[in-house]
Amino acid sequence: VMDVIKTHELPKLVYSRRKIFTDFKGIDFKESFKKLCTSYPNAFRYLFNDGQNAWMGAFSETLGKFNKTTHQFETMSLAGTLPVSEEWTEKEIEEQKPVTSYIKDILENYSENIEVSETYDHISGNIKHLRTDFKARIQPDDLDSLIHDLHP
């Protein structure tokens, strides 16, 4: 992993947890999804099942929101993770900066007026993240390109 970070000069690399099951017979999807919803009430929770494969998860980040009337686009940077009871260290604060810079740099290609909030705590279940909100007025025709640039 360190070689990948050094070779590509990555300021940040995010691992996610996943659990792969090959036998669905012992899994109660309804109960599992209920537990997920209870554990992460403020997150986007999903369950996809096509009969052969299933995907379930939760994430706290809003990828984007667009108001067709005002042409305002909203998104957020969300990074750093700690139990709610712990205090932020310089490590988590520094972790969030490249995410915030990345989003701001992309939005500047689409809007001259970008509102950036202060960074604050975003609670999700028993963990918290550092969050910064962005608002920008964009041209409706640019929406697809902007989404692609932010979330390739």
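The values are calculated or read from the model by the stated rules, or taken from the named source; none is laboratory data. As the structure is a computational prediction, the values presented were derived from the model and not from experiment. Here the Cβ is made from the backbone with ideal geometry for all residues, glycine too, and neighbour counts use every protein chain on show.
Only one entry of Glu112, Glu86, Glu108, Glu90 meets the criterion of being surrounded by fewer than 14 Cβ atoms within 10 Å (Cβ to Cβ), of a type in the set (D, E, K, R), touching a strand residue (DSSP E or B) at 6+ places or on another chain (Cβ under 9 Å) and over 19 Å from Gln139 (Cα atoms), and that entry is Glu86.
Residues that are touching a helix residue (DSSP H, G or I) at 6+ places or on another chain (Cβ under 6 Å) and hydrophobic (A, V, I, L, M, F, W, C) within the stretch 67-81 comprise just one, Ala79.
When the stretch 118-152 is filtered for residues that are under 29 Å from Ser39 (Cα atoms), surrounded by 11 or more Cβ atoms within 10 Å (Cβ to Cβ) and among the polar types (S, T, N, Q), the ones remaining, listed by number, are Thr119, Ser124, Thr132. The set of residues from the stretch 43-92 being over 24 Å from Asp149 (Cα atoms), polar (S, T, N, Q) and at pLDDT 90 or above comprises Ser85, Thr89. Would you say Leu82 is assigned by TED's automatic domain parsing to the domain that holds Asp144 and of a type in the set (A, V, I, L, M, F, W, C)? It is true that Leu82 is assigned by TED's automatic domain parsing to the domain that holds Asp144 and of a type in the set (A, V, I, L, M, F, W, C).
Annotation: Leu47 fulfils all but one of (1) closer than 19 Å to Asp133 by Cα; (2) in contact with a Phe, Trp or Tyr (Cβ under 6 Å, 6 or more places away or on another chain); (3) not β-branched (Val, Ile, Thr); the unmet one is (1). Regarding the stretch 99-117, can at least one residue be identified that is aromatic (Phe, Trp, Tyr), outside the structural domain of Ala43 (by TED's automatic domain parsing) and closer than 30 Å to Thr38 by Cβ? There is no residue in the stretch 99-117 that is aromatic (Phe, Trp, Tyr), outside the structural domain of Ala43 (by TED's automatic domain parsing) and closer than 30 Å to Thr38 by Cβ.
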